[in-house]
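Worksheet for the structure shown next.
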Amino acid sequence: MMPRTVILGVIGSDAHVVGITILDQALSAAGFDVVNLGVQTSQAEFVDAATAHDADAVLVSSLYGHAEQDCRGFHEQLAAADLDLPTYIGGNLAVGQDEWTETRRRFERMGFTRVFDSETEPQEAIDALRVDLDISTTETDRESVPAYT
Amino acid sequence: MMPRTVILGVIGSDAHVVGITILDQALSAAGFDVVNLGVQTSQAEFVDAATAHDADAVLVSSLYGHAEQDCRGFHEQLAAADLDLPTYIGGNLAVGQDEWTETRRRFERMGFTRVFDSETEPQEAIDALRVDLDISTTETDRESVPAYT
Amino acid sequence: MVRDERLPESELGRIADRLRGDWPTAEAVDFEEALGYHETLPDEKRFAHVLESADRPLLQPRAGVPRLDPQVDLLTHLWEDGGADLLPTTIDSYTRDNEYGKAQEGLDEARESGEDTLNGFPAVNHGVDGCRELIERVPGPIEVRHGTPDARLLALVTFAGGFQSFEGGPISYNIPYTKRRDLGETIEHWQFVDRLAGLYTEFGVRINREPFGPLTGTLVPPSIAIAIGVVEGLLAATQGVKSLTLGYGQVGNLVQDVAALRALRALGEEYLPDDVAVTTVFHEWMGGFPPDEARANGVIGLGGATAAVAKPDKVITKSPQEFQGVPTMEANAAGLRTTRQLIDMLIEQDVTLDGIDDEQAFIERSTRSLFDTVFDLGDGDVAHGTLRAFETGALDVPFAPSESAKGAVLPARDDDGRVRILEFGDLALSADLKEVHRNRLDERAETEGRDCSFRMVADDVDAISDGRLIGRPKGSTEGWT
Amino acid sequence: MVRDERLPESELGRIADRLRGDWPTAEAVDFEEALGYHETLPDEKRFAHVLESADRPLLQPRAGVPRLDPQVDLLTHLWEDGGADLLPTTIDSYTRDNEYGKAQEGLDEARESGEDTLNGFPAVNHGVDGCRELIERVPGPIEVRHGTPDARLLALVTFAGGFQSFEGGPISYNIPYTKRRDLGETIEHWQFVDRLAGLYTEFGVRINREPFGPLTGTLVPPSIAIAIGVVEGLLAATQGVKSLTLGYGQVGNLVQDVAALRALRALGEEYLPDDVAVTTVFHEWMGGFPPDEARANGVIGLGGATAAVAKPDKVITKSPQEFQGVPTMEANAAGLRTTRQLIDMLIEQDVTLDGIDDEQAFIERSTRSLFDTVFDLGDGDVAHGTLRAFETGALDVPFAPSESAKGAVLPARDDDGRVRILEFGDLALSADLKEVHRNRLDERAETEGRDCSFRMVADDVDAISDGRLIGRPKGSTEGWT
């Protein structure tokens, strides 16, 4: 079976690059084909990349506190491009003192399949992808690459 | 001419020893005979030492803020022992925000010949003694001892 | 195609004329008049003079607020209460994006409301007169610190405004700061800045230039930082710059930091022309800080101690409020004084560390390997070689947001806490050099009983803010930060 | 005449019975019952166990307030927010003078007014039950820290009250603290304390004893501090103490401090019986602090860095508010965390300094010279030899207020900032050792263009609080402080 393709990017004008670099590494090591769009990625770039690469999932990162504005209408654009796939978002999503549960619900209502806070380990996203994309652990383990490649 | 004898001590229950140790060294190096009574010296001990050593001056130190109480009646005791000699006091004499000029005057009214603050260099006290004891500079310079003795 | 050649004066004038249209304050710039103004400045405000004649590491903070009076107050406070030796003026983000209109709105708003709506001093908007007022009212020499990829207008205005030191460079203010700026174009833009500095220098006004050494500020291997600093220094020297300050950001390992600063000085002096005065600047830790002022003071303390041993010409200090962003001026001054206390207590001590020479030799060999590749790829032209090196990944910067860099290099700390390279991508290091990195990281992997992987990187990125140096496993790595 | 012999149990009991009359709370002391109580304490509250099984330097602050609840809160804060590994309970000054009546008045006043009218925790007045409540309500092991020349009743009550560590010794809690206490009598008093600790130890309750290493805290030459620590350790060992922590106070020179801590450990292990577990404690700078929290953090930072290199078993931390006296609990916790950050960032690094071995050898030779003289003067009896050594000035402590010490020794820093001896008095150092001190100070005198004299001493005493290490001349020495 082919490795699954995931689209990765930091949305909006956010330039935080460290987390997505590590997530890229973690997903690649776990056997995924990663298309890393980098920082400052627009909604349209996510949609175009998902279409072009026939992606299995889209992972959105946002660290600078403007995730809600940056993601407004994102799922409508995905639907318009006939893309029906799991979408994750993670990072510093709450502005100020919002409760995490409240924040999570807000992004779920916007259409995200899963919502992660900034303390989330890459492994949690990988485990979630395995469930959502129905991948057996053995399969991806076989695909995993050593660190020095 | 004989070297002049000065009595040195920290009055009251004050145990600050560094300043008086350095003052002792400075006075000795400048040619004075120093009788260092050390810390926690009572008024009576100052008077007894001045009498016993036929002292030329008494230098009182106080760092812990209770100089006024500790020196009350001191000059009356000196007078009672027929001691008429210059008395200096130095250290942290003011409690709280008192103006230095006010503090100095208060101790002068108590009978001290000279009043020094805690920033005073030993040399100032030495220069004052030379004036008050009418010592020519050449005389003490000849008496000065090298540091390594 | 961009080449490492001196910009003809005609071209300099042509570009300057075009830039004048970008914002009205540029109209007031008159080179000859500016030369005359600089000549009125006393020695203690001539940046290069103060820096190059110092006999101990000079301290400089970061600081910039939008309005003139508060900026004067801020710098005066850092001078008087912080004991700074050199002063900064940090430029706002709009100016860095050449959005002078938005900067003006911010400045106007700040003037009306009394609140700071910009994150720095919009020097272009303040114009030549505003800059000169700042220079005159502040007691020390001031450097322009910014992060502007196209800093041509900023240089034009601030040089005429009396500033004699200017941070940045085509690589160091592009690769770590932006995503889509073309590196070739940025090199051309900085050739203008450097040529302008060079022209002032020819007429007796020595403008100090400072490539930004820390780059992304996140576990940058010393050889990469030094190679890029030397490249930027060479590009500047070609344009006539004679006063260059090469920079390096603390990684937190005492031996590696001291070795790196020595290598930086040695290679800078070796590669740059003899008539260029090379000085060095050490940046206190630029990565994530602990969210606790007491622990932040520990990080700053280690920075001060490192500076006392390495004795760079200049130290850029951090404040205990680093975690929360822009510090109060009191906290900024406190960072200066904590650093000063450590330097003044340690600098007269004979502190000789084992292993410095070996580490320095390793850094120098690695830097030469990178630099020689740049030179080869450009057929002897550093500008062209730089472009090709970044295209191919022969030169790369970890955690760079820029599309001009491969961003394939991943660093991790070894068992001693020194920054090594875990993923090389196509970085131009010879096999034997790579072998050293791998062996050192394998040692760590063995200590920790886990494989070398991105997990080490993730753990290391957070380690200092978590209160340690090496990200030893304890089950909490962070993926989205 | 006092001899270094084990106090017979009959004599111990006789003295204990006499002490019971000194204050009513002593009536509650019952040795057998106390043994049972100690057995109920979990491992993490057994001081010697925690200290001796640690694999990294443990941090301990100083702290003591009069009332029980606030003392619980204070220690809990230092444990939780400061991350202390070991806790203190500092005793008030009245108790140190055996003025239990005055301590009681202060405690009553504090309880009524809610204000702290004592400068510490009057453990004797709190009695066995009060001490046990403290031990039970606080999460970590607690040491009694005080400064009491005659600490017999304090030991009787606090040991029964569940404390398992006790600072002080006959020399270190007499010579630097008092003027007129007879040293022979103090040695006898501490033989009681040590014998009591030894008796608990024999019955399975290991009481940790810690001679006070920093002495007067003012430029004490390492050899003097170590010689006195070893003497106090031997006196304690004779009485059956099996857990000894030898101490040393930072002088601020990195090489000398590391060398001194190594010499302390080496000589402690050599001179003390094999069945005594020797640990070491490093006190952050005990001299005058800068009147500025930022600079104070620099001093603390250097202390933390030194501890990371020297790796003592324990570090006593300072706070940034040291200058103003007793710190707030927040500042006290901050000092702990600043120290922790430096240690945790540096401790895994291989920091090997040149010159440590030479300095350590010099300190060891000097210490042996002092110690051998003590032994000789006592015809093999350390207690008797100590008395004679202080009488003759063969052993001496700079800036000691005590009439039992000659106080003729004057220290000064050399050109590298290491503490040397300017005036020896009758200190028992051989001619060749004195020659080293003189040569080093002559080098400094030459650097400074002035003669060696008390002026250097005066300048050095103030140097760190003035923001440097060495008191280089600049015209401001202070005479009355």
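No value in this document is a laboratory result; all are computed from the given coordinates. Keep in mind it's a predicted model, so treat the numbers as computed, not measured. Backbone-built Cβ (ideal geometry, glycine too); neighbour counts: all protein chains shown.
Side notes on the structure shown:
- Between copies, the label points of residue D:325, set 7 Å from Cα on the Cα→Cβ line, lie 4.0 nm apart, reported in increasing order to one decimal in nanometres.
- Cα long-axis angle, helix D:431-448 against chain D (0 to 90 degrees, to the nearest 10): 70 degrees
- Rg over Rh for chain C works out to 0.95, both radii taken from alpha-carbon positions and Rh defined as the Kirkwood radius.
- Contour minus Cα-Cα distance for residue C:379 and residue C:108 (0.36 nm per residue): 92.6 nm
- Segment C:22-54 and segment D:358-376 have their alpha-carbon centroids 62 Å apart.
- Solvent-free Debye calculation, one equal scatterer per alpha-carbon of segment C:237-373: log10 I(q)/I(0) at 0.15, 0.17, 0.22 Å⁻¹ equals -0.78, -0.95, -1.26.
- Residues of segment D:134-174 with an amide N closer than 20 Å to a point placed 7 Å from the Cα of residue D:72 along the Cα-to-Cβ direction: D:134-144, D:158-164.
- Ellipsoid semi-axes in whole angstrom, largest first, where each is sqrt(5λ) of the Cα gyration tensor of segment D:108-153: 19, 16, 11
- Over the protein assembly as shown, volume per residue of the alpha carbon convex hull, in Å³: 206 Å³
- For chain C: relative contact order, % (alpha-carbon pairs under 8 angstrom, 6 or more apart): 15 percent
- For residue C:421, the residues whose amide H sits under 5 Å from its own are C:412, ignoring neighbours fewer than 5 places away on the same chain, with H placed 1.01 Å from N.
- Debye-sum result for segment C:306-460 in log10 I(q)/I(0), which assumes one identical scatterer on each alpha carbon, at q = 0.11, 0.15, 0.16 Å⁻¹: -0.65, -1.07, -1.12
- Inter-part distance where segment D:76-130 and segment B:33-98 are each reduced to a Cα centre, Å: 34 Å
- Once the C-beta distance of residue B:84 and residue D:451 is scaled by a Förster radius of 45 Å, the resulting FRET efficiency is 0.75 to the nearest 0.05.
- Neighbourhood net charge (11 Å Cβ-Cβ; Lys/Arg +1, Asp/Glu -1) for residue D:49: 0
- Residue-averaged beta-carbon neighbours from other chains (10 angstrom radius) around D:454-467: 4
- Backbone phi angles across segment A:109-117, fed through the Karplus curve with coefficients 6.51, -1.76 and 1.60 (θ = phi - 60°), yield HN-Hα couplings of 4, 6, x, 5, 5, 9, 10, 10, 8 Hz in residue order; Gly and Pro are listed as x.
- Multiplying the residue separation of residue D:275 and residue D:43 by 0.36 nm and subtracting their alpha-carbon distance yields 81.4 nm.
- Taken as Cα centroids, segment D:204-282 and segment C:264-324 sit 37 Å apart, rounded to the nearest whole angstrom.
- Residue (of C:119, C:29, C:215) at the positive-pole extreme of segment C:9-346, dipole from beta-carbon charges: C:215
- Taking all Cα pairs closer than 8 Å and separated by 6 or more residues, the relative contact order of segment D:356-463 comes to 18 percent.
- Mean residue ellipticity (222 nm) of the protein assembly as shown, computed from DSSP H runs ≥ 4 via -39,500 (n - 2.57), nearest 500: -14500 deg cm²/dmol
- The residues C:285, C:79, when put in order of fewest to most other Cβ atoms within 10 Å, stand as C:79, C:285.
- Charged side chains reduced to their Cβ positions (Lys and Arg at +1, Asp and Glu at -1) give segment C:9-346 a dipole of some 960 debye around its Cα centre.
- Sparse-neighbour loop sites [GluC sites (Glu not before Pro); segment D:1-82; at most 14 other C-beta within 10 Å; DSSP]: D:5
- Taking the Cα centre of segment D:356-463 as reference, the dipole from Cβ charges on Lys and Arg (+1) and Asp and Glu (-1) amounts to some 200 debye.
- Structure remark: mean-square fluctuation, Gaussian network model of chain A, C-alpha springs under 10 Å; the largest value among A:48, A:98, A:84 belongs to A:98.
- Mean separation of Cα contacts under 8 Å (6+ apart) over length of chain A, as relative contact order %: 26 percent
- The Kirkwood radius of chain B, taken over pairs of alpha-carbon atoms, gives through the Stokes-Einstein law at 25 °C and 0.890 mPa s a diffusion coefficient of 159 µm² s⁻¹.
- Considering only D:8, D:279, D:321, the residue lying farthest towards the positive end of the dipole of chain D is D:321, judged by Cα position with unit charges set on Cβ.
- Axis between D and C by rotation; chain D residue with nearest Cβ and distance in whole Å recorded as D:301, 1.
- Hypothetical label at residue C:28: residues of segment C:162-193 whose amide nitrogen lies under 16 Å (7 Å Cα-Cβ projection): C:162-163
- Simple point charges give the picture: +1 on the Cβ of Lys and Arg, -1 on the Cβ of Asp and Glu, and for segment D:63-194 a dipole about the Cα centre of about 380 debye.
- Classified by the C-alpha gyration tensor, segment C:63-170 has an oblate form. Its axis ratio a/c, with a ≥ b ≥ c, is 1.5 or above, and a/b does not exceed b/c.
- For the residue pairs D:179/D:406; C:311/D:474; C:45/C:242; C:242/C:314, alpha carbon separations beyond 22 Å are given by C:311/D:474.
- A point 7 Å from Cα along Cα→Cβ stands in for residue D:473, and the other copies hold the same point at 6.3 nm, listed in rising order.
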